[in-house]
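Asks: What follows is a structure written as structure tokens; I'll ask about it next.
The values are calculated or read from the model by the stated rules, or taken from the named source; none is laboratory data. Note that the structure is a prediction, hence the values are computed from the model and not measured. Glycine also receives a Cβ, built like all others from the backbone with ideal geometry; neighbour counts cover every protein chain displayed.
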Amino acid sequence: MRLPDDEDERGVGAPVVYTIIGVSVFILIVLAAVMVSDSRRTTDPARRAASTPTPTPTKEAEMYQGQSDADFEMLYRENKLRSEDLDFWDMYSGRDADIQAEPSPTPGPTPTHEPTPEEMAADGKHTKVTYRDGTEEWLEISENIPLYSYDLTNLKITAGKMEYYQDGVKNSWLGVDLSKDSGQVDFEALKGAGVDFVMLRLGSRGYETGLVSLDENFVANITAAQNAGLEVGVYFFSQAVSVEEAVEEAQFVISNLAPYRITYPVAFDMEYIVNDEARIDILDKDKKSQIAEAFLSTIEKEGYRTILYGSKNWLLGELMPDKLLKDYDVWLNDQSPVPDYPYQFKMWKYAAEQIVTGVEGKASYTISFVDYTRK
């Protein structure tokens, strides 16, 4: 038996069910359409490129836009780029390393070897001087002063008389230096014994009083020597302690030479007094050099030849030799068989306190390597 309301309920429920089904189908269709659309966007490069925003090109990009591989190769060669030029990261890492690195210590001076006396004696570059107080010093031989050029193996000595030969020919002149201490002199006998010239002491300054005086035998000696045909030079024993006194001594020599004509040099002789004090003991090297220069230059202005007398110890140890030895001839006083004086010398006093034919007292032999009569 059907109740009256059953038919009404069936009639109302069917349309609702159909509506729900229809809506669900529609939603599924929409979702499928959306999925298909997304799939096409993902797989289509043209659309993906179109959807990606285009960046604004930089100035560098504009410079190289349209360049081919050949163009880049040309740029590479023209600029001579190397791989390390493009290694930016290494550049910055090295900079950091430099900043952090500790500075290397500055190396100290390399210690120099001080040559021993034995080494300096054998190296040919040094010469030894002995000072008045007995101390010794090795001096470096200067390259600015001419060295002597004689071959001393060519020396010959006969009866105390020395001769020097060059290429088998005698090239020297024998002399004797004389003063009042030599006593009476027979100059004719000297000439006959083979003496060519004499060096006469003209005068001296007292080493205590400072007075300038003429040698007592000078006038007699120069007169007799020139009458005998001997060439003559003179020397003055100086004890000047100033340039002014040196000029005074030179003027004294010039005035006393006025009556005579001499052919050999005027010598400047300054020495310490053995076992006694003297005026010049207060002088240093520079002052003694100034005095010697003042005397010699004053004499030369009057047209005379000049020569600087002294031992090696005096010339190198008591004077400033660089200028004096270059500008003036040297009369070396050295009694050794072969002098170890390194520089040029024109005359050599090689034997002192000798017995000489014609001389009452003692005299000294000198050899000259220059014929001053021809200068």
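Asks: Within the range 310-350, restricting attention to residues that are assigned to a loop (DSSP other than H, G, I, E, B) and hydroxyl-bearing (Ser, Thr, Tyr), which residue is farthest from Leu155 (Cα to Cα)? Before the answer, list the steps.
Replies: First, pick out the residues of the range 310-350 that are assigned to a loop (DSSP other than H, G, I, E, B): 311, 318-320, 328, 334-342, 344-346.
Applying the additional criterion that residues be hydroxyl-bearing (Ser, Thr, Tyr) yields 311, 328, 336, 341.
Numbers: Ser311: 20, Tyr328: 24, Ser336: 13, Tyr341: 16 Å.
For the range 310-350, the residue satisfying everything is Tyr328.
Asks: Right, another one. Return yes when Glu318 is charged (D, E, K, R), under 17 Å from Phe268 (Cβ atoms), outside the structural domain of Lys125 (by TED's automatic domain parsing) and under 32 Å from the mean Cα position of the chain (by Cα) and no when it is not.
Replies: Answer is yes for this residue.
Asks: I've got another one for you. Of all residues in the range 188-208, how many are among the β-branched types (Val, Ile, Thr) and more than 45 Å from the chain's Cα centre (by Cα)?
Replies: 1
Asks: State whether the residues of the range 236-248 include one that is under 17 Å from Asp329 (Cα atoms), touching a helix residue (DSSP H, G or I) at 6+ places or on another chain (Cβ under 6 Å), at pLDDT 95 or above and buried (at least 23 other Cβ atoms within 10 Å of the Cβ).
Replies: Yes, the range 236-248 contains a residue that is under 17 Å from Asp329 (Cα atoms), touching a helix residue (DSSP H, G or I) at 6+ places or on another chain (Cβ under 6 Å), at pLDDT 95 or above and buried (at least 23 other Cβ atoms within 10 Å of the Cβ).
Asks: Of the residues Val212, Val219, Val234, only one is assigned by TED's automatic domain parsing to the domain that holds Glu293 and either over 47 Å from the mean Cα position of the chain (by Cα) or more than 18 Å from Asn256 (Cα to Cα) (or both); which?
Replies: It is Val219.
Asks: Sticking with this one: So which residues in the range 315-346 are of a type in the set (Gly, Ala, Ser) and either crowded, with 19+ Cβ neighbours inside 10 Å or in contact (Cβ under 8 Å) with a residue 40 or more places away in the chain (or both)?
Replies: Result: Gly317, single match.
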